[in-house]
Amino acid sequence: FSISDTTIGFGALSTLLSRYATGDGVGSGSEVEAHTLSAATNVAGGYSILIAGTTLTTPDSDTIAAIGDTNAAPDPGTEQFGIRATASGGTGAVSAPYGAAGFAYDLLNFPDEFASAAGASTTTTYSLRYLGNISATTEAGTYGADITYILVPEF
């Protein structure tokens, strides 16, 4: 199990356009891959990848709302923090609600299953995309989030 980059960023968020995190921290106005997770196992039961963490938060505890457990389209002008992923190679697959065309981030059910493989699998690469939107009433500040991905073997 590995991750390609542990520090990503959106750059400056805007009420007019969605922002997407990039590995260089500058962010993008177009949806792009921020980093990848790679997972493989020889365990017959496969694996689950769990996600846990915080939403975007300032040191003063102001937050940008997490999208939740329902996959949603980007909506500039509203507070949204979400993740989506695609899988390639191996037999792993992204779990709902993170694998659809929109974004999700389900803080209430953490740790939440993010991806899994039902049996032994060669390397599956998960390409992750992060969405950040703010509203006109979002508090100004520097926001950050700590997100942890945990691979659990299924024996």
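The values are calculated or read from the model by the stated rules, or taken from the named source; none is laboratory data. Keep in mind that what you see is a predicted model, and the values were worked out from it rather than measured. So basically every Cβ, Gly included, is an ideal-geometry build from the backbone, and we count neighbours across all protein chains shown. For the accessible areas, the whole protein counts, side chains as well, though only heavy atoms, and no ligand, DNA or RNA atoms are used. Shrake-Rupley method; radii C 1.70, N 1.55, O 1.52, S 1.80 Å.
Could you look at the chain and say what percent of its accessible area is carbon and sulfur, using a 1.4 Å probe and all protein chains?
Within the chain, the accessible surface is 53 percent carbon and sulfur.
In whole Hz and in residue order, list the ³J(HN,Hα) couplings for the stretch 50-60 that follow from phi through the Karplus curve 6.51 cos²θ - 1.76 cosθ + 1.60, θ = phi - 60°; x for Gly and Pro.
Per residue, the Karplus-derived 3J(HN,Hα) values read 9, 10, 8, x, 10, 7, 5, 9, 8, x, 8 Hz.
Please report the relative contact order for the chain, taking Cα pairs under 8 Å with a sequence separation of at least 6, and give it as a percent rounded to a whole number.
34 percent
Taking the Cα-to-Cβ direction at A96 and at A118 and moving 7 Å from each Cα, how far apart do the two end points lie in nm?
It works out to 1.5 nm between the two label points.
Apply the Karplus parameterisation 6.51 cos²θ - 1.76 cosθ + 1.60, with θ equal to phi minus 60°, to every residue of the stretch 42-48 and state each ³J(HN,Hα) to the nearest whole Hz, in sequence, with x for glycine and proline.
Rounded to whole hertz, the list is 9, 6, 4, x, x, 8, 10.
Compute the distance from the alpha-carbon center of the stretch 108-150 to that of the stretch 1-17, in whole Å.
11 Å
Considering amide H positions built from the backbone, and no H for Pro or chain starts, which residues 5 or more places from A115, or on another chain, come under 5 Å of its amide H?
Close amide H contacts, sequence-distant or interchain: I49, S95.
Starting at the first residue of the stretch 123-134, write each ³J(HN,Hα) from the Karplus equation 6.51 cos²θ - 1.76 cosθ + 1.60 with θ = phi - 60°, in whole Hz, x for Gly and Pro.
Once rounded to whole Hz, the list reads 4, 9, 9, 9, 8, 9, 10, 10, 10, x, 10, 10.
Would you please classify the overall shape of the stretch 40-81 from the alpha carbon gyration tensor, given that a ≥ b ≥ c denote the square roots of the eigenvalues, rounded means a/c under 1.5, and beyond that prolate means a/b larger than b/c while oblate covers the rest?
Oblate shape, in that a/c is at least 1.5 and b/c is the bigger or equal ratio.
For the chain, would you read off the P(r) tail past 28 Å as a percentage of all alpha carbon pairs?
18 percent
Under a crude label model (7 Å from the Cα following the beta-carbon direction), how far is S4 from I150 in nanometres?
Distance between the two pseudo-spin positions: 2.6 nm.
State the percent of C-alpha pairs, over all pairs in the stretch 74-151, separated by a distance greater than 19 angstrom.
Distances greater than 19 Å cover 44 percent of the Cα pairs.
Looking only at the stretch 102-144, which residues have a backbone nitrogen under 14 Å from a spot 7 Å from the Cα of D75 in the C-beta direction?
Within reach of a label on D75, which here means backbone N under 14 Å from a point 7 Å along Cα→Cβ, the stretch 102-144 contributes 102-105, 133-136.
Using 0.36 nm times the number of residues separating A140 and D24, minus their current alpha carbon distance, what extension gain do you get?
Between A140 and D24, full extension yields an extra 39.6 nm.
Quick check for you: with a 1.4 Å probe and neighbouring chains kept, what is the accessible area per residue of the chain, in Å²?
So the chain comes to 47 Å² accessible per residue, rounded to a whole number.
Which shape class, rounded, prolate or oblate, goes with the stretch 72-117 when its Cα gyration tensor gives a ≥ b ≥ c as root eigenvalues, a/c under 1.5 marks rounded, and past that a/b bigger than b/c marks prolate?
Taking the square roots of the gyration eigenvalues as a ≥ b ≥ c, the stretch 72-117 is oblate.
Out of residues 5 or more away from T86 or on other chains, whose amide H comes under 5 Å of its own, with H placed 1.01 Å from N in the peptide plane?
Those qualifying (amide H under 5 Å, at least 5 residues apart or on another chain) are S127.
Under the classification rounded if a/c is under 1.5, otherwise prolate if a/b is larger than b/c and oblate if not, where does the stretch 113-155 fall, given a ≥ b ≥ c as square roots of the Cα gyration tensor eigenvalues?
It comes out prolate by the Cα gyration axes.
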